[in-house]
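Engineer: The structure under discussion is supplied below as structure tokens; questions concerning it will follow.
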Amino acid sequence: MICVSVLAETNRKALLMMARGFALADMVELRIDRMGAPDLPALVGARKGKLLVTNRRKKEGGFFAGPEKDRVALLAEAVRLGADWVDIEASTEERLISDLAAKISGPGGTTKMIVSHHELRGTPPWRGLRRRYEACRAFGAHVVKIVTYADSVEDNLRVLQLIPRSLAEGQAIIAFCMGPQGRISRILAPVLGSCISYASLRKGAESAPGQPTVSEMRRTLRFLTAGI
């Protein structure tokens, strides 16, 4: 699935970007960490397709600067309102993740949980990547997400190895590299089976370094998968 990331400072702008994103992609990631007062009932209620809500902490490249309990409470509110997905970092306090997971698995719950890890200063060796993968999986993630920063082309190969290993274990995964050197992994990851590919609405609206636009992603994937 191609997912357009919406990183807006106001509810009004977020609603406008979401509408464009749903028209162009399979799902939208609503990044509420840059918003001072997200109106979640209005935002979740306006969805026209699959909606992922993320409240990224500063330590992993986001903007949320408040208490952790408040950050996770907003994700719990998104679950209550029926968001299709939420994304929470494995580095979050274990109790807070467990509480969120309990809300998701409650009666009538339909939300799925992505447990993520973002490495902003490089790519660990293989053993380090596996440790991070296992840490995410241990929380009962519907999807494990591992994203690192690529300092070389070889870093992409190491991260992409996680995809077939994870799928062989029956675990859905998102895995790719950020940064200019990581762009190739963003394209190859879905071909290998990574379940969500992130894209921006346009150049200049990226939520992470190296993120292609949705039109670039669609064009390149059509070329790569032609005849498959």
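The values are calculated or read from the model by the stated rules, or taken from the named source; none is laboratory data. All values reported here derive from a predicted model rather than from experimental measurement. Cβ atoms come from the backbone with ideal geometry, glycine included; neighbour counts cover every protein chain shown. Remember, those area values only see protein heavy atoms, side chains included, never the ligands or the DNA or RNA. Shrake-Rupley method; radii C 1.70, N 1.55, O 1.52, S 1.80 Å.
Engineer: Can you compute the helix-only [θ] at 222 nm over the chain? Use -39500 (n - 2.57) per DSSP H run of at least 4 residues, normalise by all residues, nearest 500 deg cm²/dmol. Walk me through the intermediate numbers first.
Structural biologist: Numbers: 9 runs with 93 residues, N = 228.
About -12000 deg cm²/dmol.
Engineer: Moving to a separate point now. Of all the accessible heavy-atom surface of the stretch 152-228, with the other protein chains kept in place and a 1.4 Å probe, what percent is carbon and sulfur?
Structural biologist: Numbers: 2150 of 3590 Å².
Heavy-atom surface of the stretch 152-228 belonging to carbon and sulfur, 1.4 Å probe: 60 percent.
Engineer: Volume per residue, Å³, of the convex hull around the alpha-carbon atoms of the stretch 114-228? Intermediate results must be reported in sequence, preceding the final value.
Structural biologist: Numbers: hull volume 11.4 nm³, N = 115.
Dividing the Cα hull volume of the stretch 114-228 by its residue count gives 99 Å³.
Engineer: Please give the per residue accessible area of the stretch 155-194, computed with a probe of 1.4 Å over protein heavy atoms only, in Å². Display every interim value, and only then the final one.
Structural biologist: Working: 1570 Å² over 40 residues.
Result: 39 Å² of accessible area for each residue.
Engineer: Under the Kirkwood approximation for Rh and a Cα-based Rg, what ratio Rg/Rh is obtained for the stretch 111-182? Intermediate results must be reported in sequence, preceding the final value.
Structural biologist: Values: Rg = 11.5 Å, Rh = 12.0 Å.
My calculation puts Rg/Rh at 0.96.
Engineer: So what are the three principal axis dimensions of the stretch 52-151 from its Cα atoms, in whole Å, longest to shortest?
Structural biologist: 42, 26, 22 Å, listed from the longest principal axis down.
Engineer: List the relative contact order of the chain as a percent without decimals, with contacts defined as Cα pairs under 8 Å and 6+ residues apart.
Structural biologist: Details: 457 pairs, mean separation 36.8, N = 228.
Normalised by residue count, the contact order of the chain is 16 percent.
Engineer: A further question follows. With the dipole of the stretch 138-225 worked out from charges on the C-beta (+1 for Lys and Arg, -1 for Asp and Glu) around the Cα centre, which of 178, 195, 139 lies farthest toward the positive end?
Structural biologist: Among 178, 195, 139, the one farthest towards the positive end of the dipole of the stretch 138-225 is 195.
Engineer: Quick check: at a probe of 1.4 Å, how many percent of the accessible area of the stretch 38-128 sits on carbon and sulfur atoms?
Structural biologist: Numbers: 2260 of 4330 Å².
Of the solvent-accessible surface of the stretch 38-128, carbon and sulfur hold 52 percent.
Engineer: Also: Count charges around residue 8 for me, please; just the other residues with Cβ under 9 Å from its Cβ, Lys/Arg as +1, Asp/Glu as -1. Mind showing how you got there, number by number?
Structural biologist: Values: positive: 12, 13, 31, 34; negative: 9.
Here the count lands on +3.
Engineer: For residue 89, what residues show an amide H to amide H distance below 5 Å, using hydrogens built from the backbone and excluding near sequence neighbours?
Structural biologist: Long-range HN contacts for residue 89: 116.
Engineer: Next question. Dipole of the stretch 1-98 (Lys/Arg Cβ +1, Asp/Glu Cβ -1, origin at the Cα centre): which of 78, 41, 10 lies farthest to the positive side?
Structural biologist: So the residue we want is 10.
Engineer: In percent, how large is the relative contact order of the stretch 161-222, given Cα pairs closer than 8 Å and 6 or more residues apart? Intermediate values should be presented prior to the final figure.
Structural biologist: Details: 80 pairs, mean separation 18.2, N = 62.
Relative contact order here is 29 percent.
Engineer: When we measure straight from the Cα of residue 48, which lysines land under 18 angstrom away, once same-chain ones fewer than 8 places off are left out?
Structural biologist: Partners within reach: 13, 112.
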